[in-house]
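Worksheet: one structure, shown below.
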Amino acid sequence: MLDDLKAIKELDKSGMLDLIYHLPDHCEEAIKIARDSIRGLRFHNIVNVVITGLGGSAIGGDLIRMISQDRSVIPILVNRDYTLPAFVDEKTLVIASSYSGNTEETLASYQEALKRKAKVLVITTGGELKKRALADEVPVITIPHGLPPRAALGYSFFPLLVALEEQGIVPRKHFKIEETIKLLKETRDYLYPEVPETDNPAKLLAKKLHGKLPVIYGVSGVTEIVAVRWKGQLNENAKHPAFFNVFPELNHNEIMGYEGDKDLLSKMEIVILRSPDENDRIRKRIDITKSLIEDVVSGVTEIWPKGESALERMLYHIIFGDYVSAYLAILNQKDPTEIDFINALKDRLKS
């Protein structure tokens, strides 16, 4: 079925696979927009950064935190709430990120940031957040609208990276952005729908996950947030239950679950997101864990990234996982873009 382009197009009514294909183009545009929007902008006396947002708008912040933790000169925290941490004050840079501009939690935390006299930057397509920011004379990076937030990762991630570089919080040019865009373009060309199943590793993995319970394992500080992204994309795009955990934490608790019900375990398909950046002790833990569980679960798949830098490897994993989730949606006979349950929840919250 995954080689039937007509059937794929009929299910993928809103073109999620096209949006995944254009991720590197979104990244390029986002970088230009951000640099043009805040060139020369300087915030002084910043001692910490809080990125506040939800869902697809927050994952960019999580990725920034993970990838810059060994490079950032000050702490970076991601906030998913109506309120801000107690330490936020006039020496905090609060970046409010909401793709729609109408996320109620982000609007509330934006107002609280102003009340506490924090430095504030906004990333949004418009909505109430942009309206308030313009009225409050808060700088805004305006990104293109019309995408599902989870398909706008390039627009939520790269403006954050540019902003932190502009403020000297992470070193400029450390992340090899041009090389990353090039790798993403090369990767999409062997994962997109026209590449047949026999030569398309994303299609092959989607078939392994179909009818199974995927559990995505990352490595703390290396691929942990990528594992979160994979889990979320399998949920939202494929309408498929999925879970995640990270090494080494899972070795201290979750591993005991593999002594459980054999029928349940036989439905679990494990995906481990690997990286050359793992340290030797983590590598040994992964090898031992595989040897303990591979005979009781449906299967264990390791995904190794391409690329020389942490940014290249991270985004390789992300575009790979996005394709897997969209192909699994097709196998599940689902429209990858539809999110009826989320919309129903929002409607009920309004009443």
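Highest average first, the peptides 52-58, 41-47, 321-327 ordered by how many other beta carbon atoms sit within 10 Å of their residues are 321-327, 52-58, 41-47. Against the chain, whose longest principal axis comes from its Cα atoms, helix 177-191 is set at around 30 degrees.
With a cut-off of 10 Å between beta carbons, the residues surrounding L54 carry a summed charge of -2, where Lys and Arg count +1 and Asp and Glu -1. Structural descriptor for the chain: relative contact order 21 percent, calculated from alpha carbon pairs under 8 angstrom and at least 6 residues apart. What pairs in K119/K239; K212/K350; K173/K306; K290/K334 have C-alpha atoms more than 27 Å from each other? Long pairs (Cα-Cα over 27 Å): K119/K239; K212/K350; K290/K334. Cα centroids of segment 76-110 and segment 1-69: 18 Å apart. What does the charge count around K290 come to, taking other residues whose C-beta lies under 12 Å from its C-beta (Lys +1, Arg +1, Asp -1, Glu -1)? Local net charge: 0. Placing one equal scatterer on every Cα of segment 244-351 and applying the Debye formula, the log10 ratio I(q)/I(0) at q = 0.11, 0.13, 0.23 Å⁻¹ is -0.53, -0.71, -1.22. Which angle between 0 and 90 degrees, to the nearest 10, do you get for helix 104-115 versus the longest principal axis of the chain when only C-alpha atoms count? Around 30 degrees separate the two axes. Counting only Cβ charges, +1 for Lys and Arg and -1 for Asp and Glu, the dipole size of segment 70-211 around its Cα centre is about 100 debye. Dipole magnitude for the chain: computed about the Cα centre from +1 point charges on Lys and Arg Cβ and -1 point charges on Asp and Glu Cβ, it is near 800 debye.
Taking K231 as the anchor, which aspartates and glutamates have their alpha carbon closer than 12 Å to its alpha carbon, excluding any fewer than eight residues away along the same chain? Cross-link targets: D322. A compact globular protein would have a Cα radius of gyration near 2.2 N^0.38 Å; the ratio found for segment 180-240 is 1.25. Relative to the longest principal axis of the Cα atoms of the chain, the long axis of helix 280-293 makes an angle of roughly 40 degrees. Each other residue within a Cβ distance under 12 Å of I342 adds +1 if Lys or Arg and -1 if Asp or Glu, for a net charge of 0.
Readers should treat all values here as calculations from the given coordinates under stated rules, not as data from a laboratory. Model, not experiment: these values are computed from the prediction. Neighbour counts run over all protein chains shown; Cβ positions are idealised from the backbone, glycine included.
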